[in-house]
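Heads up, the thing below is written out as structure tokens.
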Amino acid sequence: MKKIKVKWVLLIAMLTFVAGSLFTDKIHREVRADDEISTEDINPYKKPTGDVRKFLGIWMSSGYSLQPKTDNYTIVDSPVTLHTDQGRAFITALVTPFALPHYQWYETTDGSKWAEVSKKNGGQKKNLTVTPTSVGTKYYQQQTSWYLAWNPLAPTVYSKVAAIHALDKHVSATNVEVSVDDDYLYNYESDITTTTTYAHAKITPANFTGTLKWSIDNTELATIDEESGLITANTRTKSGKVIVTATAINNDGSVVKGHKEVTIGGGLEDQTVNAGEKATFKLMGNIGEFEDQEDMNYSIRWFKEDPITHKQSEIEVGNNSVGHTTSETTLDDDGTLFFADITVKANGKTYEYSTNEARLNVLPDGGPDISLEDTLKNDTYSDESDNDTILYDVNKGDNIIYNTKITNNSSGGQLKDATYTLPLRVGTTINSVSLDGKELEDDSYDVIKDDDTGEIILSIKNINLGINQSRDLSVDTNIGDVNKREAYKSIGYLNGTDDSGSKIQKIGTPRYLNLTTNKLEYKIKDIDYGSIKPIGNDKVIYRQNNESNWPDNIIDVDDMRRNKTPIVLTVSQDHDFISEDKKNTLQGHLKYFDDDYEQDLLAGEAVVYQSKSGQEMSSLSWNADKGILLELDNNKMNATGKYETKLNWQFTDSL
């Protein structure tokens with residue numbers, strides 16, 4: 001009996017210890033949950049700025065296009081970054097074009113007392129990286145102001161509050177869902193098109209502590225920042241679909257992925273209908289609300305183009321419609337091109353954009369069903385951006401091959417006595433024309449020059465197609481003179497009859513040549529430092545003509561070189577500033593200023609630009625307080641007059 005009592009005592013003691021431990025742990029977890037305040041319940045440092053209003057690609061209000069993520073999880077001693085992106089209203093940008101963004105982050109543990117994040121800890125950076133040193137939560141908010149010299153009235157916006165939660169152990173992801181702000185991006189950059197957007201990941205569980213990386217499947221169409229998820233479309237008019245992938249990398253090395261499709265295009269998509277049906281073309285992407293806009297008026301004009309004559313006519317006159325619906329179509333409408341021209345006038349400035357040309361495909365209702373498969377090839381040079389219907393960096397003398405496969409897809413009708421017509425660029429030399437691999441005699445085709453356009457019109461005669469039959473056409477050409485950057489569009493077409501003698505017409509796919517001179521073309525602007533006093537000026541004088549300050553370029557560059565070797569651009573001052581009458585010398589000289597680099601241009605040359613191998617040289621622009629500025633000797637008198645000097649710019653191949 002005594003032993004039995006001992007066992008029961010021990011058992012009761014053990015149960016009591018376990019129950020106590022569970023109760024203690026429950027209390028501990030409840031206390032931690034109560035101490036952690038929801039981000040929504042935190043009193044912000046300042047009221048967050050409302051959502052940005054956009055009209056087309058124009059910012060109507062200042063604010064954030066990327067808010068810092070609301071809840072961010074990590075572990076102690078492991079960094080996490082809050083990413084942001086912001087912009088200001090276009091009217092503000094027009095009034096103060098040279099103002100620069102200035103950032104300041106604030107932090108708190110409970111919302112009652114906010115403190116600046118020090119510059120040393122990244123508090124004045126656009127994106128804030130935090131490495132927690134203990135378990136717990138801190139809350140952050142960003143302030144962004146735009147000014148050149150500090151101004152209390154400068155436009156200022158405040159982000160939403162973001163929390164960084166430091167846990168004591170890793171949490172793995174089990175699922176990832178991807179969303180994007182815009183699922184359609186424009187492939188041509190202008191003031192009123194949306195060429196960028198952000199991707200976002202919803203990760204399960206929400207307190208995932210691993211690493212998130214972004215990727216995209218086709219960098220020819222668009223790129224993505226692997227950290228922030230910023231998607232940027234190509235601006236070379238290349239269209240298609242891309243898959244955006246978010247990869248959650250767990251601490252144990254396992255990964256979980258999510259995907260989202262984004263379309264890249266020029267604003268309109270091709271439409272295919274059966275003869276007798278209507279087709280609708282509609283502006284794509286984030287175009288905003290088309291309604292009465294304060295301080296702004298706009299127009300949307302719709303046009304169609306005959307693919308053979310290239311004659312354009314306006315439709316939807318005065319309607320300002322975001323879409324156009326055709327009347328009932330016929331086979332004669334096949335191949336018709338549609339585009340919209342958008343003009344926005346605001347605060348005395350005009351913005352314009354023309355969409356891509358979208359094609360109307362009309363399928364026959366009976367009779368032979370003819371298709372044209374058009375391709376294009378440069379046998380002299382291959383650009384990585386080339387595709388079947390678009391060639392880039394085409395130069396004088398290049399050997400261009402036009403291939404067309406003509407197919408009768410019908411099982412109940414023949415094509416008879418057809419002629420295939422192919423317009424070719426001015427100056428093109430036709431080397432040979434082949435049908436089904438056999439070179440044709442000269443009398444099998446005609447070559448004439450269009451008196452209005454100067455184009456060469458090639459017409460290949462006597463093409464017949466039986467049921468389910470195909471013919472292969474090939475036209476071998478060489479490019480004539482190229483004196484400037486140029487885009488040329490060629491649309492081939494077929495005319496013939498069916499078994500009953502009724503007319504058959506089929507329009508091919510547009511093929512594009514993007515022609516360049518294979519040279520580096522540039523234009524350098526003069527610089528004006530305005531009027532200065534004889535003595536007592538500021539030591540450094542900024543450029544006074546707005547055309548030489550950002551967003552305008554000091555040097556406009558068009559790099560049309562095929563072999564893009566590295567280039568170094570330097571500048572130096574040739575001589576002192578001399579007055580017009582040659583009698584006086586200005587007591588000052590030019591100096592180049594960069595963030596961490598200064599160079600007296602009279603004493604030596606400054607490197608102002610350097611490209612990498614394979615990189616296209618871009619135009620050069622400077623903020624008003626950077627670049628080439630005038631440094632004066634304030635202790636010396638300057639005689640009245642107009643002073644000039646010469647800058648020596650030098651482009652050097654840095655192989």
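Within segment 475-488, the set of residues being assigned to a loop (DSSP other than H, G, I, E, B) and touching a Gly at 6+ places or on another chain (Cβ under 8 Å) comprises Ile479, Gly480, Asp481.
Selection of segment 478-493 for residues being within 24 Å of Gly508 (Cα to Cα), among the β-branched types (Val, Ile, Thr) and touching a Lys or Arg at 6+ places or on another chain (Cβ under 7 Å) yields only Ile479.
So the check is Cβ under 6 Å with 6+ separation or different chains; which pairs have a first residue in segment 125-142 that's of a type in the set (Phe, Trp, Tyr) and a second one that's open to solvent by 20 Å² or more (accessible area, probe 1.4 Å) and in a strand (DSSP E or B)? Listed by first residue and then by second, the contacts come to Tyr140/Glu107. Among the residues of segment 184-219, just one is open to solvent by 60 Å² or more (accessible area, probe 1.4 Å), more than 24 Å from Val80 (Cβ to Cβ), touching a residue at least 60 places away in the same chain (Cβ under 8 Å) and not hydroxyl-bearing (Ser, Thr, Tyr), namely Asp191. Name every residue in segment 360-371 that is assigned to a strand (DSSP E or B) and open to solvent by less than 20 Å² (accessible area, probe 1.4 Å), in order of residue number. Listed by number, the residues that qualify are Leu360, Val362, Ile370. Within segment 159-168, the presence of at least one residue that is open to solvent by 40 Å² or more (accessible area, probe 1.4 Å), modelled with pLDDT under 95 and farther than 30 Å from Glu261 by Cβ is confirmed.
Within segment 591-611, the set of residues being loosely packed, with under 13 Cβ neighbours inside 10 Å and assigned to a loop (DSSP other than H, G, I, E, B) comprises Asp595, Asp596, Ala603, Gly604. Applying the criterion of at least 1 residues that are modelled with pLDDT of 90 or more and within 16 Å of Tyr353 (Cβ to Cβ) to the strands (runs of 3 or more DSSP E) found wholly in segment 184-294 leaves 184-186, 196-204, 230-233, 255-265, 280-282. Of everything listed in (1) modelled with pLDDT of 95 or more; (2) within 30 Å of Lys484 (Cβ to Cβ); (3) open to solvent by 50 Å² or more (accessible area, probe 1.4 Å), the single unmet condition for Asp452 is (1).
As an exercise: evaluate Lys564 against (1) modelled with pLDDT of 90 or more; (2) under 25 Å from Leu391 (Cβ atoms) and give the number of the one condition it does not meet. Result: Lys564 fails condition (1) only.
Looking across segment 545-573, the residues that are farther than 18 Å from Asp625 by Cα and among the polar types (S, T, N, Q) come down to Asn563, Thr565, Thr570, Ser572, Gln573. The one condition from (1) over 15 Å from Ser179 (Cβ atoms); (2) surrounded by 14 or more Cβ atoms within 10 Å (Cβ to Cβ); (3) touching a strand residue (DSSP E or B) at 6+ places or on another chain (Cβ under 7 Å); (4) touching a residue at least 12 places away in the same chain (Cβ under 8 Å) that Asn274 does not meet is (2). Annotation for segment 375-389: no member residue is part of a strand (DSSP E or B), acidic (Asp, Glu) and open to solvent by 20 Å² or more (accessible area, probe 1.4 Å).
Screening Asn297 on (1) modelled with pLDDT under 90; (2) outside any loop (DSSP other than H, G, I, E, B); (3) crowded, with 16+ Cβ neighbours inside 10 Å shows it passes everything except condition (3). So Gln86 ticks every box in (1) open to solvent by 30 Å² or more (accessible area, probe 1.4 Å); (2) under 32 Å from the mean Cα position of the chain (by Cα); (3) modelled with pLDDT under 95 but one. Which box is left unticked? Just one mismatch for Gln86, condition (1). Considering every residue within segment 122-141, establish whether at least one is of a type in the set (Phe, Trp, Tyr) and closer than 28 Å to Val95 by Cβ. The answer is no, given that none of the residues of segment 122-141 is of a type in the set (Phe, Trp, Tyr) and closer than 28 Å to Val95 by Cβ.
Where residues in segment 529-553 are open to solvent by 60 Å² or more (accessible area, probe 1.4 Å) and within 33 Å of the chain's Cα centre (by Cα), which of them is modelled with the highest pLDDT? Among residues in segment 529-553 that are open to solvent by 60 Å² or more (accessible area, probe 1.4 Å) and within 33 Å of the chain's Cα centre (by Cα), the one modelled with the highest pLDDT is Tyr542. Considering segment 489-538, the qualifying strands (runs of 3 or more DSSP E), each wholly inside and each with 1 or more residues that are within 20 Å of Val475 (Cβ to Cβ), run over 493-497, 503-507, 511-515. For segment 65-74, the count of residues that are touching a residue at least 40 places away in the same chain (Cβ under 8 Å), surrounded by 20 or more Cβ atoms within 10 Å (Cβ to Cβ) and β-branched (Val, Ile, Thr) is nonzero.
You will find that of Pro152, Pro101, the residue that is within 30 Å of Pro551 (Cα to Cα), part of a strand (DSSP E or B) and open to solvent by 40 Å² or more (accessible area, probe 1.4 Å) is Pro101 and no other.
Here is the figure for segment 114-123: residues that are part of a loop (DSSP other than H, G, I, E, B) and open to solvent by less than 90 Å² (accessible area, probe 1.4 Å) total 5. Regarding Leu337, is this residue within 30 Å of Gly501 (Cβ to Cβ) and touching a Pro at 6+ places or on another chain (Cβ under 7 Å)? Yes.
Among residues of segment 390-408 being assigned to a loop (DSSP other than H, G, I, E, B) and not acidic (Asp, Glu), the one that is most open to solvent (accessible area, probe 1.4 Å) is Lys396.
For segment 321-347, residues that are open to solvent by 50 Å² or more (accessible area, probe 1.4 Å) and free of Cβ contacts under 8 Å to residues at least 40 places away in the same chain total 0. With respect to the stated conditions, Gly318 fails to be touching a residue at least 24 places away in the same chain (Cβ under 8 Å), farther than 22 Å from Glu486 by Cα and surrounded by fewer than 16 Cβ atoms within 10 Å (Cβ to Cβ). Of the residues that sit in segment 612-633 and are over 37 Å from the mean Cα position of the chain (by Cα) and surrounded by 15 or more Cβ atoms within 10 Å (Cβ to Cβ), which one is modelled with the lowest pLDDT? So the residue we want is Leu632.
The values are calculated or read from the model by the stated rules, or taken from the named source; none is laboratory data. Treat the numbers as computed from the prediction; the structure is a model and nothing was measured. FYI the Cβ positions are ideal-geometry reconstructions off the backbone, even for glycines, and counts take in every protein chain you see. Areas reflect the complete protein model, heavy atoms only, side chains present, ligands, DNA and RNA absent. Shrake-Rupley method; radii C 1.70, N 1.55, O 1.52, S 1.80 Å.
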